[in-house]
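Worksheet for the structure shown next.
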Number of protein chains: 2
Amino acid sequence: MPTTAATPFDRAEALPAGDRALSGITIVDLTQFEAGPSCTQMLGWLGAEVIKIEPPGKGEQGRRASTEDPDTDSVYFMLLNANKRSVTCNLKDERGKDLLRRLIARADVFIENFGPGVIERLGFSYEAVAAINPRVIYAQIKGFDANGPHASLLAFDNIAQAAGGSLSVTGDADGRPLTPGVNVGDTGSGLHCSVGILAALLQRERTGRGQKIEIIMQEAVINFGRILYAAQAIFGRAVPRRGNAHIMGASAPCEVYPCKGGGPNDHVLVYTSRAGNHQWHNLLKLMGREDLGDDPRFATPQLRFQHSAVIDPLIREWTLTRDKYTCMRELGEAGVPASAVIDTMELYEDPVLRAQGAFVTVEHPVRGPFTMPGCPVRMSDSPIASTAAPLLGADNARVWGGMLGLSAEQLAALRADRAI
Amino acid sequence: MPTTAATPFDRAEALPAGDRALSGITIVDLTQFEAGPSCTQMLGWLGAEVIKIEPPGKGEQGRRASTEDPDTDSVYFMLLNANKRSVTCNLKDERGKDLLRRLIARADVFIENFGPGVIERLGFSYEAVAAINPRVIYAQIKGFDANGPHASLLAFDNIAQAAGGSLSVTGDADGRPLTPGVNVGDTGSGLHCSVGILAALLQRERTGRGQKIEIIMQEAVINFGRILYAAQAIFGRAVPRRGNAHIMGASAPCEVYPCKGGGPNDHVLVYTSRAGNHQWHNLLKLMGREDLGDDPRFATPQLRFQHSAVIDPLIREWTLTRDKYTCMRELGEAGVPASAVIDTMELYEDPVLRAQGAFVTVEHPVRGPFTMPGCPVRMSDSPIASTAAPLLGADNARVWGGMLGLSAEQLAALRADRAI
């Protein structure tokens with residue numbers, strides 16, 4: 001394939017060829033921002049060939065979102081688009097549409113998360129794609145159900161979290177609703193979509209047919225709050241905000257306590273299970289307060305919850321004498337569930353997390369070495385490789401030339417016309 | 001199979017037989033509480049035969065956790081164990097171990113989330129299970145890496161969230177770290193585990209081999225906070241808590257505003273994207289404040305963020321004149337991303353969400369009709385069926401009798417000895 005070497009857009013053979021779980025699976029990826037890209041990044045880690053389809057010029061919207069340097073791709077983009085290839089393709093140009101149709105004919109998965117109605121207006125509805133290739137798994141992520149009152153709303157992570165109940169249960173009892181700092185709406189939907197795609201690929205092994213996968217972000221958020229409905233069933237009303245307390249009101253301690261240091265995250269979370277008293281007794285022993293072991297105010301998890309205002313200062317007195325990691329270690333060794341409140345820089349710099357692959361370093365062609373969270377799915381027979389997010393159109397020659405057979409001249413002409 | 005009908009534990013053929021994505025996949029499920037059960041419940045929705053292995057007597061710990069009625073299974077348990085079968089099996093009895101080994105020989109997936117080291121001490125390590133059946137996918141969910149300093153710690157949802165950075169970024173800037181009210185640590189890990197299991201099943205179609213899947217809850221939480229590392233890279237320090245504001249400080253408004261009604265969740269979240277100004281101008285037009293369209297203080301998303309203290313009262317003045325759903329509708333129609341802060345009771349009672357299957361009603365043999373969040377993965381060719389969580393040992397006759405061929409007399413003897 002001489003065209004492959006003839007263009008400066010081609011990358012080296014960075015992705016290793018060893019057999020991985022999704023080796024041989026080709027994904028046509030029209031996703032943007034986080035909900036969709038988090039899904040295809042995961043599938044890329046598992047070995048799929050992910051071909052990101054982007055408009056010529058600026059590329060997917062996430063490429064330049066929140067960047068500190070307008071001349072290169074944002075860190076945001078790099079965090080969500082590792083393990084992918086990038087081609088440009090103008091879907092408002094008939095030649096671009098034709099290239100995409102030809103790629104769909106060879107693909108296993110088609111995925112998009114545009115705003116409501118966009119992909120259908122572009123001519124790539126489920127029916128249109130299935131007509132090209134009935135074996136394709138067609139996946140969509142939308143904010144709300146297409147038949148509901150909110151079908152036309154744009155959904156970002158925080159919108160989906162508000163609509164799915166997450167904000168209503170996050171925050172203090174006397175405070176306003178708060179948005180969790182982790183993206184349950186976006187990455188949470190992306191993970192659900194990964195589940196659907198993989199299940200459909202497995203089903204296709206028997207049926208030979210593709211199908212349509214649909215993830216509604218509001219429903220994905222509801223799923224993360226599933227056990228809230230246990231508290232609601234017991235108390236007969238909407239689950240309230242409770243700070244760090246257990247939603248059932250069934251256990252104490254269950255709070256963050258300040259530790260030596262005084263920084264914003266110098267806290268340790270201490271939790272004792274609602275299943276019995278042994279963790280509470282472990283805690284009393286550790287703090288040298290076994291004298292409270294028979295106190296009737298603390299005889300059950302429920303009673304301890306009612307007397308949290310007495311318990312909390314006792315624990316605080318102990319935690320303030322140690323740093324958070326010492327607290328975590330001593331509590332853990334004593335058999336009390338606990339964790340330091342670890343911040344992003346501590347996670348990022350932790351050599352143990354690096355060694356276990358929780359963070360990986362990739363080599364970006366412009367930014368150089370870049371360290372990011374790795375793949376949180378460990379598979380003993382599917383080696384994980386991480387490659388940096390591709391530059392825009394980096395794989396035009398490989399895909400349009402190598403896979404579809406276009407000549408260098410044809411590519412140049414399409415590029416000149418901004419069709420790719 | 002006469003034994004099937006001979007025992008009161010047997011259930012009717014509630015699960016429909018139609019072909020679904022995971023039809024024919026048998027899962028030996030030793031999970032407890034939420035992280036593991038949320039995974040197998042999802043796989044059950046997709047059509048797998050999930051056989052829950054529980055100790056005789058009280059069953060899995062989650063059965064009686066946080067219950068308001070000690071005489072029956074908790075709502076908590078029902079929310080996490082739909083679509084499963086239950087058998088009892090005493091893993092401290094050699095006859096129980098033998099039954100489990102015989103079931104493993106016929107299974108496709110083995111999954112557990114006991115505390116560190118427990119399953120290995122019971123004699124069912126990865127190596128032991130793979131020796132029985134090399135085709136089995138063996139899945140484990142643990143709080144922390146087995147080689148790290150926290151390997152022996154017990155991990156509940158909030159522990160994993162504290163350790164994975166989630167608490168450090170949730171809450172107000174001047175407040176303590178807060179736990180998100182949705183279970184990123186538990187259900188988030190369960191979803192990652194579903195992804196690994198499905199990918200391994202797909203790989204097995206080619207290789208004929210099983211493998212080991214491992215999910216570390218701390219890593220799963222880190223994955224949900226992936227884009228935090230973009231903010232950290234830009235600002236060069238740990239990502240702080242910011243209330244409802246955008247983590248990049250790149251956009252305003254991005255806040256919940258109080259609406260007519262005054263209840264704890266009578267708020268609407270309003271967000272305008274960091275990509276340009278058109279949503280801001282849409283908002284000004286809706287509020288009748290187009291006079292501010294040229295105000296230099298609000299000329300860019302970043303400037304608006306800096307002037308949040310001016311912007312917020314303007315918006316609040318408008319939102320307070322309407323209820324939250326009216327705000328949501330008017331903002332949406334005007335092209336401004338927004339959502340009411342919807343609480344769990346509103347979600348639960350919403351007829352539209354029921355109609356779309358976001359909530360489903362199952363029939364529990366003791367509690368009767370029970371409504372719970374449904375399956376958030378929609379597949380056009382894999383019909384979703386939901387059956388209530390099984391009573392303890394409900395499928396002893398079907399599994400030990402029907403699948404393994406034990407007679408009614410053998411079952412009775414095993415039961416009398418509490419081996420099942």
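The values are calculated or read from the model by the stated rules, or taken from the named source; none is laboratory data. This is a predicted model, so every value here is computed, not measured. Here the Cβ is made from the backbone with ideal geometry for all residues, glycine too, and neighbour counts use every protein chain on show.
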Just need a number here: residues in the stretch A:201-211 that are more than 7 Å from chain B (Cβ to nearest Cβ), part of a loop (DSSP other than H, G, I, E, B) and surrounded by fewer than 21 Cβ atoms within 10 Å (Cβ to Cβ). 1
Being under 18 Å from B:W45 (Cβ atoms), touching a residue at least 60 places away in the same chain (Cβ under 8 Å) and among the polar types (S, T, N, Q) is the filter here; which residues of the stretch B:379-402 pass it? B:S382, B:S386, B:T387
Here are the criteria: (1) away from chain A (no Cβ under 13 Å); (2) charged (D, E, K, R); (3) more than 17 Å from B:D395 (Cβ to Cβ). Tell me which single one B:E127 does not satisfy. (1)
(1) under 25 Å from the mean Cα position of the chain (by Cα); (2) within 30 Å of B:P373 (Cα to Cα); (3) of a type outside the set (D, E, K, R); (4) modelled with pLDDT of 95 or more: which one isn't true of B:C89, the others all being true? (1)
B:P240 versus (1) more than 11 Å from chain A (Cβ to nearest Cβ); (2) surrounded by fewer than 21 Cβ atoms within 10 Å (Cβ to Cβ): which is the lone unmet condition? (1)
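Table: residues versus (1) closer than 22 Å to A:C327 by Cα; (2) over 16 Å from the mean Cα position of the chain (by Cα); (3) of a type in the set (G, A, S); (4) within 7 Å of chain A (Cβ to nearest Cβ).
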site: B:A160; (1), (2), (3), (4): yes, no, yes, no
site: B:G164; (1), (2), (3), (4): yes, yes, yes, no
site: B:L178; (1), (2), (3), (4): yes, yes, no, yes
site: B:S194; (1), (2), (3), (4): no, no, yes, yes
site: B:A199; (1), (2), (3), (4): no, yes, yes, yes
site: B:I213; (1), (2), (3), (4): no, yes, no, yes
site: B:N223; (1), (2), (3), (4): no, no, no, yes
site: B:I227; (1), (2), (3), (4): no, yes, no, yes
Has the stretch A:285-299 got any residue that is of a type in the set (D, E) and either touching a residue at least 60 places away in the same chain (Cβ under 8 Å) or surrounded by 22 or more Cβ atoms within 10 Å (Cβ to Cβ) (or both)? no
How many residues are closer than 18 Å to B:R237 by Cβ, more than 7 Å from every other protein chain (Cβ to nearest Cβ) and in contact with a Ser or Thr (Cβ under 7 Å, 6 or more places away or on another chain) if we restrict to the stretch A:344-369? 1
Going residue by residue through the stretch A:140-153, is there one that turns out to be within 26 Å of B:G261 (Cα to Cα), within 11 Å of another protein chain (Cβ to nearest Cβ), among the aromatic types (F, W, Y) and surrounded by 24 or more Cβ atoms within 10 Å (Cβ to Cβ)? yes
Within the stretch A:345-397, how many residues turn out to be under 21 Å from A:S194 (Cα atoms) and part of a helix (DSSP H, G or I)? 0
What pairs can you find where one residue is in the stretch A:303-325 and in contact (Cβ under 8 Å) with a residue 60 or more places away in the chain, the other is in a helix (DSSP H, G or I), and their Cβ atoms are less than 6 Å apart, with a gap of 6+ or different chains? A:T319/A:C327
Residue, surrounded by the fewest Cβ atoms within 10 Å (Cβ to Cβ), within the stretch A:42-62, restricted to residues that are farther than 17 Å from A:G96 by Cβ and more than 11 Å from every other protein chain (Cβ to nearest Cβ): A:E49
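Here is a yes/no grid of residues against (1) within 27 Å of the chain's Cα centre (by Cα); (2) at pLDDT below 95:
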position: B:A309; (1), (2): no, yes
position: B:T319; (1), (2): no, no
position: B:R322; (1), (2): no, no
position: B:A338; (1), (2): yes, no
position: B:L347; (1), (2): yes, no
Out of A:T72, A:T67, A:T88, I need the residue that is surrounded by 18 or more Cβ atoms within 10 Å (Cβ to Cβ) and within 13 Å of another protein chain (Cβ to nearest Cβ). Which one? A:T67
Which condition does B:R242 not pass, out of (1) closer than 21 Å to B:P337 by Cβ; (2) free of Cβ contacts under 8 Å to residues at least 60 places away in the same chain; (3) out of contact with any helix residue (DSSP H, G or I) (no Cβ under 6 Å at 6 or more places or on another chain), if it passes all the others? (2)
Out of all the residues in the stretch A:376-402, which are more than 26 Å from B:A139 (Cβ to Cβ) and either of a type in the set (G, A, S) or at pLDDT below 95 (or both)? A:T387, A:A388, A:A389, A:G393, A:A394, A:A397, A:G401, A:G402
Exactly one of B:F110, B:F114, B:F156 is under 21 Å from A:D343 (Cα atoms) and within 24 Å of the chain's Cα centre (by Cα), and that one is B:F156
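Per-residue answers, yes or no, for (1) within 12 Å of chain B (Cβ to nearest Cβ); (2) in contact with a Ser or Thr (Cβ under 7 Å, 6 or more places away or on another chain); (3) among the hydroxyl-bearing types (S, T, Y):
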position: A:V270; (1), (2), (3): yes, no, no
position: A:Q279; (1), (2), (3): yes, yes, no
position: A:L286; (1), (2), (3): no, no, no
position: A:D291; (1), (2), (3): no, no, no
position: A:Q306; (1), (2), (3): no, no, no
position: A:A309; (1), (2), (3): no, no, no
position: A:P313; (1), (2), (3): no, no, no
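For every residue, the table says whether it meets (1) at pLDDT 95 or above; (2) over 30 Å from A:C39 (Cα atoms).
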| residue | (1), (2) |
| --- | --- |
| A:E219 | yes, no |
| A:I222 | yes, no |
| A:A238 | yes, yes |
| A:G243 | yes, yes |
| A:G249 | no, yes |
| A:P258 | yes, yes |
| A:G263 | yes, yes |
Go through the residues of the stretch A:272-281 one by one and say whether even a single one is in contact (Cβ under 8 Å) with a residue 60 or more places away in the chain and within 28 Å of A:A162 (Cα to Cα). no
The stretch A:166-176: number of residues that are over 17 Å from B:C254 (Cβ atoms), facing chain B (nearest Cβ under 7 Å) and of a type outside the set (V, I, T): 1
When every residue in the stretch A:243-256 that is out of contact with any strand residue (DSSP E or B) (no Cβ under 7 Å at 6 or more places or on another chain) and not β-branched (V, I, T) is compared, the one surrounded by the most Cβ atoms within 10 Å (Cβ to Cβ) is A:A252
